[in-house]
Amino acid sequence: MNNPCFEQFAPIAAIATHHQAAQIIAPLAQNSPIQLWLPASLKQQGSSQHYDNSLKEHLASIWNENQALVFCLATGAVVRLIAPLLQNKAEDPAVVVVDAQGDYVISLCSGHQGKADLLTQLIASQIGATPVITGASYGLSLPAIDIFGFTYGWRKGEGDWTGVMAAVAKQQTIQIVQEAGSTLWQEHLPQKHPFSFVSDTQTEIKPQAQIWISPIKRKIAPKKDFPRVQWHPKVLWVGIGCERGTSRALIETAIDETCKTYHLATESIAGITSINLKADEAGIIEVCQRRNLILKTFTAEQLDQVHVPTPSAVVKQEVGTHSVAEAAAILAGENLLVSKQIFRADNQSGAVTVAIAQADQEYIGRTGKLYLVGIGPGNLDQITPAAKTAIIEADAVIGYSLYTDLIKSLQRSGQIVESSPITQEQQRAKRAIELAKWGLTVAVVSSGDCGIYGMAGLVLEELQAAGWNGKTPQVQIFPGISALQSAASRVGAPLMHDFCAISLSDLLTPWEMIQKRLTAAASGDFITVLYNPRSQTRTQQVVTAQSIFSQYRQPDTPVAIVHGAYRDDEQVILTTLAEMLEQPIDMLTTVIIGNTTTRNHAEWMITPRGYLGFSQEEE
Ligand code: SAH
């Protein structure tokens, strides 16, 4: 299965010219949309393709076909190879260079718009290298001004982008005037940032650059005293009513003229909305295709229930609702900005009515994703590369604060990280689903494995309760090393025979049931791993567990008590069933009770699998 984290860059070409380089980047091409290219002299097994001509010629032939190119080659060589092919930063593919030892991954070209910076971080986490990113906003841990709005589906408007970017790099004061769109990004800035959030009318601070975030289109004079840019969140819904057969040109004119008259940015249009009779209206469909807009339609009954400023009896008679354009705009966007405008053109057929409403929340226009990620016991060495890439790629990371702290070093500038206290699992699951339904890629992190007393089950249950179709939002689960594995690895090989895990927390499971399972595990001679063994208020369960096991196992049965495995405060104790309660046990502890054959040897806990026993019998 493909690692979904690279999907947004596809198609990606990776190029190596000699054997060692090929070995370094070949793993990237496994389970991912990355196509590995090698010279014909390096015929490799697997899915690599070969080029017969020179790399220069080959590169020219694949340059425009790929969104991203990854070279494992000297940076200087790459610079010379790509120099003749570079056009401009809006069109060039992302170019990333991996050094011949695989120690560094360099974002060389199209760091922002081509997303080379992000690709660099993903590749670095995948191969265990250090990312080298030289853009100013990355160094300052700030969201990149020229791309951060894309996360929320915003479109870029006019302005001096280079000038504003330079002001950010110089750490000058950047005034933000945000009139629409999500302000989530504002809540997740580093403590030190150059932005001042003031309304247009406040004049006490002197900005050195300005960013407008608005559906209003501002005319920006080229020689203003400081650079300005504008982002346009997709909050506008254009209600359209038209006669059958109205031309695409007339519909576009009607939309453009209306926007111009009311100083609205066409970039802020999320979609067109109308009556369902118009779902097959050729002119409307063409406009949507040409401008990458969605078409939302409503039934006459739905539209007729909306209170509109300009109802029409004629329209009611024709299609069964007093209003099409205004009512549809209000149903899609809520707040009517422009009431019904009628357009006709002498030289074109048909007539169009246009009304525009503004929605409170922008339309992102992407299918949201939920990554359910297990981060392992704590140390970043113990997290899978796939889980790392999932966390880095996500627009938002949600988790219990202890866990989001553990993965702090993976955080990307501009990323939304929402941490919450331990008990708020359900709120976290609901919040993650809300953000994913809106269109974001959300990583929900659990310690250990996310599907073992983690968040994966809860998120899936909440999705099911919300009528999820199994596809939207897309879900991918990234497994992690669970506490039973990490604790076991600290003491030896205690889980070498049949084992089970039992959580002693009776918050969500009746205590009678837990006792029943403890008895079954003890009598079945399962090695037993106790999760959530003791909290500050819940102290008796582990005492009962010990007494149940004492009925079935010898007092000297080995028991391991591992606190904070692979964390800074790790503590490992090997003890016995009889003495285990004398040891410190808390909520960050995992207890492993051996079976009747488990034994200690030196400082190691071993449960025989039976190999030695069997071979002796056979002899
Ligand atoms: N999803 C997690 C378990 C969460 S339940 C996993 O797969 O590991 C929380 C319990 O896990 C804790 O009460 C403790 O018993 C155990 N635990 C989690 N991390 C641990 C660690 N680093 N060391 C020891 N026990 C741990």
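On average, how much accessible surface per residue is there in the chain, in Å², for a 1.4 Å probe, leaving out ligands, DNA and RNA? If you can, show how the numbers build up before the last one.
Numbers: 28830 Å² over 619 residues.
For the chain, the per-residue accessible area is 47 Å².
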If Lys and Arg each add +1 and Asp and Glu each add -1, what is the summed charge of the other residues whose beta carbon sits under 11 Å from the beta carbon of residue 446? -1
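Using just the alpha carbons, could you tell me how many Å³ per residue the convex hull of region 369-481 encloses? Before the final figure, lay out the partial values.
Numbers: hull volume 9.5 nm³, N = 113.
Spread over its residues, the Cα hull of region 369-481 gives 84 Å³ apiece.
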Length gained, residue 89-residue 434, 0.36 nm per residue minus C-alpha separation, equals 120.8 nm
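Whenever you get a sec, line up 601, 188, 18 from highest to lowest accessible area (probe 1.4 Å, protein heavy atoms). All intermediate terms of the calculation are to be shown ahead of the outcome.
Details: 601 120, 188 50, 18 80 Å².
The ordering from most to least exposed comes out as 601, 18, 188.
Divide by every residue of the chain the summed helix terms, -39500 (n - 2.57) for each DSSP H run of at least 4, and state the resulting mean residue ellipticity at 222 nm, rounded to the nearest 500 deg cm²/dmol.
Numbers: 20 runs with 183 residues, N = 619.
Calculated at 222 nm, the ellipticity per residue is -8500 deg cm²/dmol.
Among the listed pairs 369/430; 234/430; 388/408; 192/430, which have their C-alpha atoms separated by more than 20 angstrom in this model? The partial results should precede the final answer.
Numbers: 369/430 14 Å; 234/430 24 Å; 388/408 11 Å; 192/430 31 Å.
Long pairs (Cα-Cα over 20 Å): 234/430; 192/430.
Give me the percent of the accessible area of the chain that comes from carbon and sulfur atoms, probe 1.4 Å, all protein chains in place.
Numbers: 14400 of 28830 Å².
Accessible surface attributable to carbon and sulfur in the chain totals 50 percent.
Give me the net charge for the shell around residue 64: Cβ to Cβ below 11 angstrom, other residues only, Lys and Arg +1, Asp and Glu -1. Spell out each step's value before the answer.
Working: positive: none; negative: 65, 91, 92.
Within the 11 Å Cβ shell, the charges total -3.
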On full extension of the chain, what length is gained from residue 292 through residue 461, given 0.36 nm per residue of separation minus the C-alpha to C-alpha distance? 57.4 nm
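What is the percent of Cα-Cα separations in region 1-105 that go past 16 Å? Mind showing how you got there, number by number?
Numbers: 3034 of 5460 pairs.
Here the tail beyond 16 Å accounts for 56 percent of pairs.
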For region 330-412, max minus min Cα coordinate along each principal axis, in Å, sorted largest first? 71, 25, 18
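Expressed as a rounded percentage, what relative contact order does region 261-344 have, with Cα pairs under 8 Å and six or more residues apart? Could you put the intermediate results ahead of the total?
Working: 102 pairs, mean separation 22.5, N = 84.
RCO, region 261-344: 27 percent.
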Highest average packing first - 436-446, 381-391, 534-544, 296-306, Cβ atoms within 10 Å: 436-446, 381-391, 296-306, 534-544
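Just by accessible area at a 1.4 angstrom probe, what is the order of 291, 80 from largest to smallest? If you can, show how the numbers build up before the last one.
Details: 291 70, 80 190 Å².
Highest to lowest solvent-accessible surface, that is 80, 291.
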Taking the convex hull of Cα positions in the chain, its mean projected area over all directions (nm²): 38.4 nm²
Region 570-604: GluC sites (Glu not before Pro) falling in loop per DSSP and having at most 13 other Cβ within 10 Å: 579, 603
How big is the gap, in Å, between the Cα center of region 310-346 and the Cα center of region 484-502? 67 Å
Per the Cauchy relation, a quarter of the hull surface: what is the mean projected area of the convex hull of the alpha carbons in region 148-231, in nm²? 5.6 nm²
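When N is the residue count of region 236-358, what does its C-alpha Rg come to as a fraction of 2.2 N^0.38 Å?
Normalised Rg, Cα atoms only: 0.93.
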Quick check: the angle from helix 425-438's long axis to the longest principal axis of the chain, C-alpha only, nearest 10 degrees? 30 degrees
Taking 313-320, 593-600, 484-491, 236-243 and ranking on average Cβ neighbours within 10 Å, highest first, one gets 236-243, 484-491, 593-600, 313-320
Could you give the nm distance between label points at residue 61 and residue 224, where each point is 7 Å from its Cα heading toward the beta carbon? 4.9 nm
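Around residue 109, with a cut-off of 9 angstrom between Cβ atoms, what is the net charge of the other residues, counting Lys and Arg +1 and Asp and Glu -1?
Working: positive: 89; negative: 92.
Neighbour charge sum, excluding residue 109 itself: 0.
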Dividing the Cα convex hull volume of region 514-619 by residue count, how many Å³ per residue is that? 112 Å³
Under the Kirkwood approximation applied to all pairs of distinct alpha-carbon atoms, what is the hydrodynamic radius of region 69-217 in Å? 17.0 Å
Once you place label points 7 Å from the Cα toward the Cβ at residue 597 and residue 513, how far apart are they in nm? 3.2 nm
Using Cα pairs under 8 angstrom and six or more residues apart, how large is the relative contact order of the chain, in percent? 9 percent
Using a 7 Å offset from the Cα along the Cα-to-Cβ direction at both residue 550 and residue 401, what is the distance between the two label points in nm, to one decimal? 3.9 nm
Suppose R0 equals 25 Å. What FRET efficiency, 1/(1 + (r/R0)^6) with r the Cβ-Cβ distance, do residue 604 and residue 581 give to the nearest 0.05? 0.65
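What does the charge dipole of the chain about its Cα centre add up to, to the nearest 20 debye, if the Cβ of each Lys and Arg holds +1 and the Cβ of each Asp and Glu holds -1?
On the way: 46 positive and 58 negative charges, 282 e Å.
Around 1360 debye, computed over the chain.
The values are calculated or read from the model by the stated rules, or taken from the named source; none is laboratory data. In this text, all values refer to a predicted model and were calculated from it rather than measured experimentally. Backbone-built Cβ (ideal geometry, glycine too); neighbour counts: all protein chains shown. Accessible surface areas use protein heavy atoms only, side chains included; no ligands, DNA or RNA. Shrake-Rupley method; radii C 1.70, N 1.55, O 1.52, S 1.80 Å.
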